[in-house]
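S.K.: Can you keep this structure in mind? I'll have questions shortly.
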Amino acid sequence: MVKVAPSLLSANFTCLKDDIEKIENGKADWLHYDVMDGHFVPNISFGYSILEDVSKVTNLFLDVHLMISEPQKYVNEFIKSGANLIVFHIEAMDNKEDTLVLIHHIKENGVRVGISIKPNTPVDTIQDYLSLLDVVLVMSVEPGFGGQSFKEIALAKIKDLDTRRKENNDRYLIEVDGGINETTGKKCKDAGVDVLVAGSYIFNSDDYAQRIASLK
């Protein structure tokens, strides 16, 4: 059964604690926390101080997705604020050496590590890191805004990552984020995905538990 990670970006910020309790009661597995800096993506969300507050009101696994430039500058703050998993974008990194240093730094601090790729970034770009990762996050929309439509190109990447994982005995989970609903979620599951991130599909409904269950 896949894990479902509701995206906090789509929650009602005036009732954040209540919304987190609702997805907990609705049997969510992870909580997906999108960090945007207005530079790497054309939008701004929340940072590490709010993550620290969130970590105090939930026992959900905190899946922190850094859509920011120079993630190595800020990663320690997210580690200190309670992240269980930190996913950064390969497109935000300058070179292989810096990428490897960041991967090992996150792991050495007892936090799981993942790399995300945008819709137009090929899987080959991250081949050299796959054996080191806990998660690969495939973006099925352009990162930056919620509510976008699912891009089918993600399915081929999920299948490709699943094939590489089996061939090389790697252990990373394949996560997908963007335009996920019952229909697109099933396509991703059929392709080999392990974690479905869903935002508006869950939080814009009257029954979080039903929507979460529909994805599993």
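The values are calculated or read from the model by the stated rules, or taken from the named source; none is laboratory data. On a predicted model such as this, the values are computed, not experimentally measured, just so you know. Heads up, the Cβs are rebuilt from the backbone with ideal geometry, glycines too, and the neighbour counts pull from every protein chain shown.
S.K.: Please specify each residue of region 179-213 satisfying the condition of being among the aliphatic types (A, V, I, L, M) and buried (at least 16 other Cβ atoms within 10 Å of the Cβ).
M.R.: If the condition is that a residue be among the aliphatic types (A, V, I, L, M) and buried (at least 16 other Cβ atoms within 10 Å of the Cβ), then Ile180, Ala191, Val193, Val195, Leu196, Val197, Ala198, Ile202, Ile212 are the ones that fit.
S.K.: Here's a follow-up. Mind counting the residues in region 7-36 that are crowded, with 18+ Cβ neighbours inside 10 Å, under 21 Å from Ser49 (Cβ atoms) and either at pLDDT below 95 or within 16 Å of the chain's Cα centre (by Cα) (or both)?
M.R.: Here the count works out to 12.
S.K.: Could I ask something else about it? List every residue pair whose Cβ atoms sit under 6 Å apart, with the two residues 6 or more apart in sequence or on different chains, where the first one lies in region 154-166 and is farther than 13 Å from Val135 by Cα and the second, anywhere, is acidic (Asp, Glu) and modelled with pLDDT of 95 or more.
M.R.: Listed pairs, sorted by first residue: none to list.
S.K.: Next question. Looking only at residues that are more than 22 Å from Trp30 (Cα to Cα) and among the charged types (D, E, K, R) in region 109-143, which one is surrounded by the fewest Cβ atoms within 10 Å (Cβ to Cβ)?
M.R.: Looking at residues that are more than 22 Å from Trp30 (Cα to Cα) and among the charged types (D, E, K, R), I get Asp124.
S.K.: Now for a different question. When you go through (1) in a loop (DSSP other than H, G, I, E, B); (2) loosely packed, with under 13 Cβ neighbours inside 10 Å one by one for Lys166, which number turns out not to apply?
M.R.: Of the numbered conditions (1) in a loop (DSSP other than H, G, I, E, B); (2) loosely packed, with under 13 Cβ neighbours inside 10 Å, the odd one out for Lys166 is (1).
S.K.: On the given criteria, is Glu70 on the phi > 0 side of the Ramachandran plot and acidic (Asp, Glu)?
M.R.: Taking the combined requirement at face value, the residue satisfies it.
S.K.: Within region 55-82, how many residues turn out to be in contact with a helix residue (DSSP H, G or I) (Cβ under 6 Å, 6 or more places away or on another chain), closer than 15 Å to Ile20 by Cα and part of a helix (DSSP H, G or I)?
M.R.: Residues meeting the conditions: 1.
S.K.: Among the residues of region 117-132, which ones are touching a helix residue (DSSP H, G or I) at 6+ places or on another chain (Cβ under 7 Å) and either touching a residue at least 40 places away in the same chain (Cβ under 8 Å) or part of a loop (DSSP other than H, G, I, E, B) (or both)?
M.R.: Ile117, Lys118, Pro119, Thr121, Val123, Leu130
S.K.: Separate question: Out of Glu24, Glu52, report the one residue that is under 22 Å from Val176 (Cα atoms), among the charged types (D, E, K, R) and part of a helix (DSSP H, G or I).
M.R.: Checking each option against the conditions leaves just Glu24.
S.K.: Something else: Quick one: how many residues across region 169-194 are in a helix (DSSP H, G or I), more than 15 Å from the chain's Cα centre (by Cα) and more than 23 Å from Ser131 (Cβ to Cβ)?
M.R.: Looking only at that region, the number is 7.
S.K.: So which residues in region 83-116 are part of a strand (DSSP E or B), touching a helix residue (DSSP H, G or I) at 6+ places or on another chain (Cβ under 6 Å) and either on the phi > 0 side of the Ramachandran plot or not β-branched (Val, Ile, Thr) (or both)?
M.R.: The one that is part of a strand (DSSP E or B), touching a helix residue (DSSP H, G or I) at 6+ places or on another chain (Cβ under 6 Å) and either on the phi > 0 side of the Ramachandran plot or not β-branched (Val, Ile, Thr) (or both): Phe88.
S.K.: Kindly establish whether Thr99 is over 23 Å from Ile79 (Cα atoms) and either under 15 Å from the mean Cα position of the chain (by Cα) or modelled with pLDDT of 95 or more (or both).
M.R.: no
S.K.: Quickly run through region 180-204 and pick out the residues that are modelled with pLDDT of 95 or more, over 12 Å from Val4 (Cβ atoms) and among the small types (Gly, Ala, Ser).
M.R.: Ala191, Gly192
S.K.: Provide a single number: the residues in region 4-21 that are in a helix (DSSP H, G or I) and touching an Asp or Glu at 6+ places or on another chain (Cβ under 8 Å).
M.R.: Qualifying residue count for the region: 2.
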